[in-house]
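Here is the structure we will look at, set down as C-alpha cells.
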Amino acid sequence: MENGAAPTVPAVIVAIDGPSGTGKSSTSKAVAAQLGLSYLDTGAQYRAITWWMVNNGIDTDDPHAIAAAAGKPEILSGTDPAGPTITVDGADVAGPIRTQEVTSKVSAVSAVPEVRTRITELQRTIAAAAPLGIVVEGRDIGTTVLPDADLKIFLTASAEARAARRSGELKGADVNVTREALIKRDAADSSRKTSPLAKADDAVEVDTTELTLAQVIECVVTLVEEKRAGK
Ligand SMILES: Nc1ncnc2c1ncn2[C@@H]1O[C@H](COP(=O)(O)OP(=O)(O)OP(=O)(O)O)[C@@H](O)[C@H]1O
Ligand SMILES: Nc1ccn([C@@H]2O[C@H](COP(=O)(O)O)[C@@H](O)[C@H]2O)c(=O)n1
C-alpha cells in the first residue's frame, strides 16, 4: 500500500442456524478458527440462563416466574473459537449446561419473550464488538438477532443422521430415544411464538446428511470467501 498501512478487510458477520445436531457448533467453530473470526454459541447462553433458573429454584414450567427472573443472572460468553467460554455470575458453567436436566428444560425457558429480549441484546453487543467479524450460531440469528448478517446459512440433516451423530457423542445412548428427544426439542423451538427456529428467506440451505464435517466446513468457508470477494 502507498502509505504503508496494512490492508483492511471489513468485518464479516456470518449467521448459522438450524435444528439440533445438524453440525452448527462444530462447523461454526472451525470456520471461525480458519478465517480468524470470533465465534458465539447462542445455545450455550440459553442453556446458561436455564441452568441459573434451575439452580435458583425457579419453576421452569411457569413463564411468569421465568420472566420475572430473566434479568438477574450475569451471563458472559468468551468468543475465541479455540476455547469458547460461558460463565454465569462469574462461575464457569460449560459442563453443567450440558446435563440432561438443562437440555430437557431449555426450550421452555428460551420461549419466554423476556428471556429472548435479554439474550438477544447480549448477542448483538458481542457481534458488534468482534474486531474482524464473527460466526454466530443458533436458531433465530438470521431471522431476528442479526437480520443484516453478510451471510446466512441454514444447516439441515435427516433426524436419523442427527440422532446417530448425537448418540455417538453421548456414548451408549439409545439412538431411537435420542431421535425422539431431538424431534421433540425442534418441534418446541419451531412452534414458539417469539423468534422461532426458522430459515431466513435469504439463507443458503446446506443439507449435511450425506456430507462429512470437513465437507460442510469447506462449503461454508467457500461461501464466506465468495461473499468477501463480492461474488
Ligand atoms: N457432517 C457431519 N458428519 C458427521 N458428524 C457430524 C457432522 N457435523 C457434525 N457432526 C457431529 O455431530 C454432533 C453434533 O454436532 P454439533 O454439536 O456441531 O451440532 P449442533 O447443530 O450444534 O447441535 P445442537 O444444536 O444440539 O447444539 C457432533 O458430535 C459432531 O462432531
Ligand atoms: N438462537 C437460539 C439458540 C438456542 N436456543 C435454545 O437453546 C436450546 C439449546 O441450544 P443448543 O444449540 O445448545 O442445542 C435450543 O433447543 C433452543 O431452545 C434458542 O432458542 N435460540
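All of the numbers you see were taken from the coordinates with simple rules; none came from a lab. Computed from a prediction, not measured in an experiment: that's the story for all the values here. Glycine also receives a Cβ, built like all others from the backbone with ideal geometry; neighbour counts cover every protein chain displayed.
Remark: for residue pairs K29/K227; K72/K105; K105/K193; K72/K184; K24/K171, the C-alpha separation exceeds 22 Å in K72/K184. Going from the residue with the fewest nearby Cβ atoms within 10 Å to the one with the most, V177, V14, V206 rank V177, V206, V14.
When the helices in the chain are scored as -39500 (n - 2.57) per DSSP H run of 4 or longer and the sum is shared across all residues, what 222 nm value do you end up with, to the nearest 500 deg cm²/dmol? Could the numbers behind the result be given before it?
Numbers: 8 runs with 105 residues, N = 231.
Dividing the helical sum by the residues of the chain leaves -14500 deg cm²/dmol.
With distances taken between every two different alpha-carbon atoms, the range 1-130 has a Kirkwood hydrodynamic radius of 16.0 Å. With respect to the chain, whose longest principal axis is taken over its alpha-carbon atoms, helix 213-228 is tilted by about 50°.
At the listed q of 0.17, 0.18, 0.32 Å⁻¹, the Debye profile of the range 42-85, built from one uniform point per Cα, gives log10 I(q)/I(0) equal to -0.50, -0.55, -1.20. With everything on Cα atoms, drop me the angle between helix 42-55 and the longest principal axis of the chain, reported from 0 to 90° to the nearest 10. Roughly 30 degrees, rounded to the nearest 10. A Cβ-based charge dipole, computed about the Cα centre of the chain with Lys and Arg at +1 and Asp and Glu at -1, lands at about 240 debye. Each part gets one Cα centre, and for the range 21-71 versus the range 169-197 those centres are 15 Å apart. Distance distribution P(r), the range 116-231, all Cα-Cα pairs, bin width 5 angstrom from 0: 2, 10, 16, 19, 20, 16, 12, 4, 1, 0 percent. In degrees between 0 and 90, to the nearest 10, how far off the longest principal axis of the chain does helix 159-169 point, with axes built from Cα atoms? On a 0 to 90 degree scale, this one is about 80.
Against the 2.2 N^0.38 Å scaling, with N counting residues, where does the range 99-142 land? I'd like the Cα-based Rg ratio to two decimal places. Present the calculation step by step, with values, prior to reporting the outcome.
Details: Rg = 12.6 Å, N = 44, 2.2 N^0.38 = 9.3 Å.
The value comes to 1.36.
All Cα-Cα distances of the chain, cut into 10 Å bins from zero to the largest, leave 8, 32, 37, 18, 4, 1, 0 percent in each bin in turn. Most simply put, the range 11-147 has about 40% antiparallel DSSP beta bridges, counting only bridges with both residues inside it.
The phi-based Karplus calculation (6.51 cos²θ - 1.76 cosθ + 1.60; θ = phi - 60°) puts the 3J(HN,Hα) values of the range 78-95 at x, 10, 7, x, 7, x, x, 10, 8, 10, 10, 6, x, 9, 5, 10, 4, x Hz, whole numbers, x for Gly and Pro. For the range 175-231, the calculated P(r) over all alpha carbon pairs, in 5 Å bins from 0 to the bin holding the longest distance, is 4, 14, 13, 18, 20, 15, 10, 4, 1 percent.
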